[in-house]
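Student: Sharing a structure here in structure tokens format.
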Amino acid sequence: MTTPDAAHAVGIDLGGTQIKGVLVDRSGGVLRRELRPTTDDGDLRSFVRTIRALADELGNGMPVGLSAPGLVRPDRRAIAWMRGRLHGLEGLDWTDSLERGQLVPVTNDAHAALLGEVWQGAARGLKDVAMFTLGTGVGGAIMVDGHLLRGHIGRAGHIGHICVDRYSPTVSIADMPGALECLIGNYNIRERTGDRFETTHALIEAYRERDPVAYRLWLESVQALAVTIASLINVVDPEAVIIGGGIAQAGEALFEPLRKAMKDYEWLPFGEPVKLLPATLGEWAGAIGAAGEALASPSPSSSSS
């Protein structure tokens, strides 16, 4: 995953509310972490200056990798398609903007999170693994035979847009009716619960307290997740499924009913279920994965040859 001429690298993860930056060494050890608020006030030059200053502060002159939502351009220099708060970054060439003298590889945020977990987290040593990131929406990434699936145009791994209920009036940003993220994502929790709960964390807390409405609503979401995981297992046959994102912080309030639901749906030809594992790198997974991609990017000499 790394090149012999880079001892350290910077990884930056662009999120809707926070920018996360790390400095890592070649072994994957995190030497420094920094957080900055995301300011999306329409001033693109100011935003780029913030990222450049953060990269210089973490490791002036060192390779940089960048993680962001959206579909990555084939040359990996920019996000080609993005919706949401960071929409204005579409097409921005980060290699030119950060003036690093070598490729600044851009990676989809869920892809980067899986790469981080494979390198230093819950999926370390695994070659066939899928990851779900449960938060505002639902992201995902898939690795098969040690290779991250990016797909023809970068769509691979968008597990949140798998249809669970085609009759649902709710559609995802990919125009998919009844998509998984419509049934468990935090972005529409008030709509899904009739304004009873403002956040998924509030719903889960009420579930823990055995509130009957919360109990029913949360288990419906978990059932949708279980069906999707079981379906994906049938397609890519992973060794493990990693669950990350803010909703995964619920711990056993998520994993206990999820494991129970999986018993109804998972195909077990040899009797052993696929392991369901909580992500271990937390909110830093994307930045760590991006740093690993920077270590693996071409050096200035090789990129110019």
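The values are calculated or read from the model by the stated rules, or taken from the named source; none is laboratory data. None of these values were measured; they are calculated from a predicted model. We place every Cβ from the backbone using ideal geometry, glycine too, and count neighbours over all the protein chains shown. Side chains included, ligands, DNA and RNA excluded: accessible areas come from the protein's heavy atoms. Shrake-Rupley method; radii C 1.70, N 1.55, O 1.52, S 1.80 Å.
Student: Select, from Val48, Val144, Val118, the only residue that is among the β-branched types (Val, Ile, Thr), open to solvent by 10 Å² or more (accessible area, probe 1.4 Å) and more than 22 Å from Arg32 (Cα to Cα). Reasoning before the result, please.
Tutor: On the way: Val48 fails: more than 22 Å from Arg32 (Cα to Cα); Val118 fails: more than 22 Å from Arg32 (Cα to Cα).
Being among the β-branched types (Val, Ile, Thr), open to solvent by 10 Å² or more (accessible area, probe 1.4 Å) and more than 22 Å from Arg32 (Cα to Cα) holds for just one of Val48, Val144, Val118, which is Val144.
Student: Here is a further query. List pairs: first residue in segment 106-129 and assigned to a loop (DSSP other than H, G, I, E, B), second residue surrounded by 24 or more Cβ atoms within 10 Å (Cβ to Cβ) and at pLDDT below 95 anywhere in the structure, Cβ distance under 9 angstrom, at least six positions apart or on different chains.
Tutor: From residues that are assigned to a loop (DSSP other than H, G, I, E, B), there are no pairs.
Student: Among the residues of segment 90-115, how many are under 18 Å from the mean Cα position of the chain (by Cα), open to solvent by less than 30 Å² (accessible area, probe 1.4 Å) and not polar (S, T, N, Q)?
Tutor: 8
Student: Within segment 81-109, can you find the residues that are more than 19 Å from Arg150 (Cβ to Cβ) and of a type in the set (S, T, N, Q)?
Tutor: Matches in segment 81-109: Ser97, Gln102.
Student: Looking only at strands (runs of 3 or more DSSP E) that fall completely inside segment 1-100, which ones have 3 or more residues that are of a type in the set (Val, Ile, Thr) and within 19 Å of His111 (Cα to Cα)?
Tutor: Details: elements: 8-14, 18-25, 30-37, 64-68, 79-81.
Counting at least 3 such residues, we get 18-25.
Student: Continuing with the same structure: Kindly list, by first and then second residue, each pair from a residue in segment 138-149 that is touching a residue at least 60 places away in the same chain (Cβ under 8 Å) to a residue that is open to solvent by 20 Å² or more (accessible area, probe 1.4 Å) and of a type in the set (S, T, N, Q), limited to pairs with Cβ atoms under 6 Å and residues at least 6 apart or on different chains.
Tutor: That search, which allows pairs on different chains as well, returns Gly139/Thr133.
Student: Moving on to the next point. If you scan segment 75-89, which residues turn out to be open to solvent by less than 40 Å² (accessible area, probe 1.4 Å) and at pLDDT below 95?
Tutor: Matches in segment 75-89: Met82, Leu86, Leu89.
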